[in-house]
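Structure, as structure tokens:
The values are calculated or read from the model by the stated rules, or taken from the named source; none is laboratory data. Because the structure is predicted, anything quoted here is derived from the model rather than measured. Neighbour counts are summed over all protein chains in view; Cβ atoms, including those assigned to glycine, are modelled from backbone coordinates with ideal geometry. These accessible areas exclude ligands, DNA and RNA; they are computed on the full protein's heavy atoms, side chains included. Shrake-Rupley method; radii C 1.70, N 1.55, O 1.52, S 1.80 Å.
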Amino acid sequence: MERVTHHDRDTAYRVSDRGGDGPTVCFIHGSGGSKDVWKAQARVSDRFPVVALDLSGHGDSGDIDASAGPEALDAYADDVVAVAEATGATVLCGNSLGGAVALRVALERDLPLDGLVLAGTGAKLAVAEPLRDALATDFDRVIELLHEPDRLFHDAPPEYVELSRAGMRECGRAVTERDFRTCHAFDVRDRLDEIAVPSLAVVGEHDALTPVEYHDYLADRIDDCERAVIEGAAHLAMLEQPDAFNTALAAFCSRLSRAST
């Protein structure tokens, strides 16, 4: 694990590089998550270097004093920019909240990018009222809601589900609530035509949190955007069906590499 210091805080990240010569990809986790959700993507680091970070307040990174919404989103974007600059990453891959952060960076920051991968996310990320209510009063209920069928997982092994539950508990209610309320405030539907880099919208076929149609919308409105559907997966397709996810990711990065030569 490595760290980068910026804005008076440390952001933790992990690098896997087995000699890949493709563009470095920076992976951004979702609400209540950590860099650990991207462990299976290290398998493709023989094709391109892989970087996964912990957003502020998650995993091994220091926390921030930021309110939910644009303030927190900007702080998370600062984390990503700092790690990308430290590692030379030029492709951002974000899941859920991480997709919102990636879009924020692409739209608002001067970070040079070669591509975006928007995985289980959307241009607008409204959070259902029952989940918003539970976030303030009953964190155990939040965890139960998110682990109902076809939310985070479709048919994952029980050990994956238990690790997911434990990770969310470790992140804690306050940070997880900040994340989901930041998602609820996010809406860039009127700005997608400003995305100027090749993009991939990839989604689990059973994802009830950010369904396939969210990714159809991204593909239709971003000028150069492919769409991929991962069979047998829900919201965390990179965990549930890592081989299929990695195949889609590698094909996209190969396309970027060909375009740069």
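Key figures for this structure:
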| item | result |
| --- | --- |
| Per-peptide average of other Cβ atoms within 10 Å, ordering 47-58, 17-28 highest first | 47-58, 17-28 |
| Debye-sum result for the stretch 2-260 in log10 I(q)/I(0), which assumes one identical scatterer on each alpha carbon, at q = 0.08, 0.16 Å⁻¹ | -0.26, -1.19 |
| Zone residues, the stretch 213-243, relative to residue 258, backbone N less than 19 Å from point 7 Å out along Cα-to-Cβ | 224-229 |
| Span from the the stretch 195-252 Cα centroid across to the the stretch 87-110 one, whole angstrom | 15 Å |
| Table column - 3J(HN,Hα) (Hz), the stretch 21-31, Karplus curve with 6.51, -1.76, 1.60, x for Gly and Pro | 10, x, x, 6, 10, 9, 9, 10, 6, x, 4 |
| Accessible area of the chain belonging to carbon and sulfur atoms, whole % at 1.4 Å probe | 44 percent |
| Over the chain, relative contact order from alpha-carbon pairs under 8 Å, at least 6 apart, % | 20 percent |
| Binned Cα-Cα distances of the stretch 123-227, short to long, each 10 Å bin given as a whole percent | 14, 38, 33, 16, 0 |
| Heavy-atom surface of the chain, accessible at 1.4 Å and reported per residue (Å²) | 42 Å² |
| Cα centroid separation, the stretch 4-20 to the stretch 21-40 (Å) | 11 Å |
